[in-house]
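Read-outs throughout are calculated quantities, based only on the coordinates presented, and are distinct from any laboratory measurement. The shown structure was predicted, so the numbers you read here are calculated from the model rather than taken from an experiment. In this analysis, Cβ positions are derived from the backbone assuming ideal geometry, glycine residues included, and neighbour counts consider all displayed protein chains.
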Amino acid sequence: MNSIWSDYVQGVMTLYLSRKLRFDDHFFTQYDRVFSLDHDSELKILEIGCGPGALAEALHRWYPRAQITAIDRDSRFIAFARENVTGVNFMEADAVHLPFENDSFDVTISYTVQEHVEPSAFWNEQKRVLKPGGVCLCLSARRGIQCVAPCLEMTAGEKDFWDSVPPADDELEKYGVGRYRVSEAGLPISMEQHGFADVTTGYALIDLTPDNPGYSSQMAETMIEAMRQNDLEAIRSAHSPGAQKAVDSVNAKYDKRLRLYREGIRQWDTNVSVTMIVRGRKELIPSE
Ligand SMILES: C[S@@+](CC[C@H](N)C(=O)[O-])C[C@H]1O[C@@H](n2cnc3c(N)ncnc32)[C@H](O)[C@@H]1O
């Protein structure tokens, strides 16, 4: 069982809830414009590094005729996805050795994965399994905007907890997290250098502001819950003593944030993420 990512880097609920929001139907038109895929055809889509499955779940809603397969190396993510997401074939597999025949998919897609996988393997494996003319979509999270509600500021108790935890940098380094990160300009260049044609870029702006009246109360509360889970799982993945006090403090803060939301007392905390989408095609006829 491989659960390094879910144990030490990001927990199941952190990824599932944050991605459920980022891939909510509210933002679909922004993705759709750049994905430029045919909704009505029976596309075979492969998601690489799917985590707990929120993007695959969205793809199943957006392309109901498509046949979707999603892979990840982390067993816990795949178990969660199999239990909670329908309409997708989830498999435990490695992006650098995809267990599929050549020329099997119309589309490959990934979100915040490229920066963790050695580039030649990342691109060449996708090129191998794509059919000639198939589309590769590489999505990455870029610098956004964050504004924290006063009631969610870190408490002295949480600060003491984090001060007692050894720096996470060594762990992240050990697991290769972000080892191959490239700039906005570097990503399309990398895709072209690995032989993809017709490369284009586009951006989706995901504005998560619970107090904005444009969002349903369910979505606004999911935004608050996603932040809570992010903070709770960060504490758990620190694997340090004294976690319970920090957990209680986080829960009290988010209970208050929820209460303020329900009472209509606005905080205007916001989390805006920018998703870069790089789109390329496998050439119809391989170039020499
Ligand atoms: C930042 S997370 C993103 C997960 C998912 N795309 C999402 O947004 O919820 C990176 C993911 O890549 C997976 N991953 C990293 N290297 C991998 C590899 N070589 N093969 C398969 N999955 C890999 C990790 O297990 C993790 O689930």
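Some notes on this structure:
- Against the main long axis of the alpha-carbon atoms of the chain, helix 243-262 sits at an angle near 90°.
- For region 1-156: rounded, prolate or oblate by the Cα gyration tensor [a/c cutoff 1.5]: prolate
- Reduced Cα scattering model of the chain, Debye log10 I(q)/I(0), q = 0.16 Å⁻¹: -1.35
- Solvent-free Debye scattering, log10 I(q)/I(0), computed from the Cα coordinates of region 129-288 at q = 0.15 Å⁻¹: -0.96
- Annotation: peptides 1-8, 258-265, ranked by per-residue average of other Cβ atoms within 10 Å with the highest first, follow the order 1-8, 258-265.
- Region 117-194: GluC sites (Glu not before Pro) in DSSP loop, at most 12 other beta carbons within 10 Å: GLU153
- Count of Lys pairs (Cα-Cα under 18 Å; at least 8 positions apart or interchain) in region 4-281: 6
- Taking amide H as placed 1.01 Å from N in the peptide plane, the amide H of VAL117 sits under 5 Å from that of TYR180, each at least 5 places away or on another chain.
- Taking Lys and Arg as +1 and Asp and Glu as -1, the other residues whose beta-carbon sits under 12 Å from that of ARG259 total +1.
- The distance separating the Cα centre of region 133-150 from that of region 65-97 comes to 21 Å.
- Cα radius of gyration and Dmax for region 155-207 (Å): 18.6, 53
- Per-residue ³J(HN,Hα) for region 209-219, Karplus 6.51 cos²θ - 1.76 cosθ + 1.60, θ = phi - 60°, Hz, x for Gly and Pro: 10, x, 7, 5, x, x, 9, 5, 5, 5, 5
- Summarising the amide proton neighbourhood of ASN2: residues at separation of 5 or more, or on other chains, whose placed amide H is nearer than 5 Å comprise SER75.
- For the chain, built as a Gaussian network whose Cα springs stay under 10 Å, the top-fluctuating residue of VAL165, VAL12, VAL88: VAL165
- Amide H to amide H, with H built 1.01 Å from N, TYR175 comes under 5 Å of no residue 5 or more places away or on another chain.
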